[in-house]
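A.B. asks: Sending over a structure as structure tokens; questions will come in a sec.
Read the figures in this text as sums done on the coordinates, not as results from a lab. If you're wondering where the values come from, they're calculated on a predicted model, not measured in any experiment. As a convention, Cβ positions derive from the backbone with ideal geometry for all residues, glycine included, and neighbour counts pool all protein chains shown.
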Amino acid sequence: MTADITQLVRAAGDGDRAALKTLFDTVYAELKRLAHRQLAASPNPTLNTTALVHETYLKLIRPEALKLNDRGHFFAIAAKAMRQIVVDQARRKLATKRGAAALPVTLDERIVADATEPLQLAHLDDALAGLEQLDPRLAELVELRFFAGLSVEQVAELRDVAPRTVIRDWRRARAYLFDSVNSAAG
């Protein structure tokens, strides 16, 4: 099945729209799980999991988004697209709350699950954008772990590295995000 998904990802990346549709049909349930995880923290989301998956599909069918390499890259791009949609929604909500008070933000293993406030999501997104400028590989790791909900072992398998490499990178990414989020909140 993984080989089939990788072939579909590559065909979709080459511009084959039928392959993209087949790919989404094949991974739809997994994308719904990712979407559910993304929205679990929102107390009153305006999107449901199905809508988020469909919004993600619309983001991914753009030609510039289809530079895909393999299954892992597809899920990383999908998680990033979902994160952008959820953060954009949170920023719109913040924009309507003029003068919203800054909330203290902490970063730990449950940041996504606990990120019920739009301001927390905005700070996390800003910190992740900074990390992406410094080290895109670490930013992708955060997206895979936090936003896609993958385990250390799953990320190691996707990246074809040892789990201890993922753990070491995970510590570095968390330290950077912790410092960035706390300085933005303070």
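A.B. asks: Just to confirm a number: summing +1 for Lys and Arg and -1 for Asp and Glu over residues other than F147 whose beta-carbon lies under 9 angstrom from that of F147, what do you get?
C.D. replies: Here the count lands on +3.
A.B. asks: Compute, for the stretch 124-173, the length of the dipole vector about the Cα centre, with Cβ point charges of +1 (Lys, Arg) and -1 (Asp, Glu) only. Units Debye, rounded to 20.
C.D. replies: 300 debye
A.B. asks: Read phi for every residue in the stretch 128-141 and hand back ³J(HN,Hα) as whole Hz from Karplus 6.51 cos²θ - 1.76 cosθ + 1.60, θ = phi - 60°, with x for Gly and Pro.
C.D. replies: Result, rounded to whole Hz: 5, 5, x, 5, 5, 5, 7, 8, x, 5, 5, 5, 5, 4.
A.B. asks: How far apart, in nm, are two points set 7 Å out from the Cα along the Cα-to-Cβ line at F178 and at A40?
C.D. replies: In this crude label model, F178 to A40 measures out at 2.2 nm.
A.B. asks: Mind checking which lysines have their Cα closer than 25 Å to the Cα of K80? Skip sequence neighbours fewer than 8 apart in that chain.
C.D. replies: Correct list for K80: K21, K32, K59, K67, K93.
A.B. asks: Around S180, under 13 Å between beta carbons, what's the net of Lys plus Arg minus Asp minus Glu among the other residues?
C.D. replies: In short, -3.
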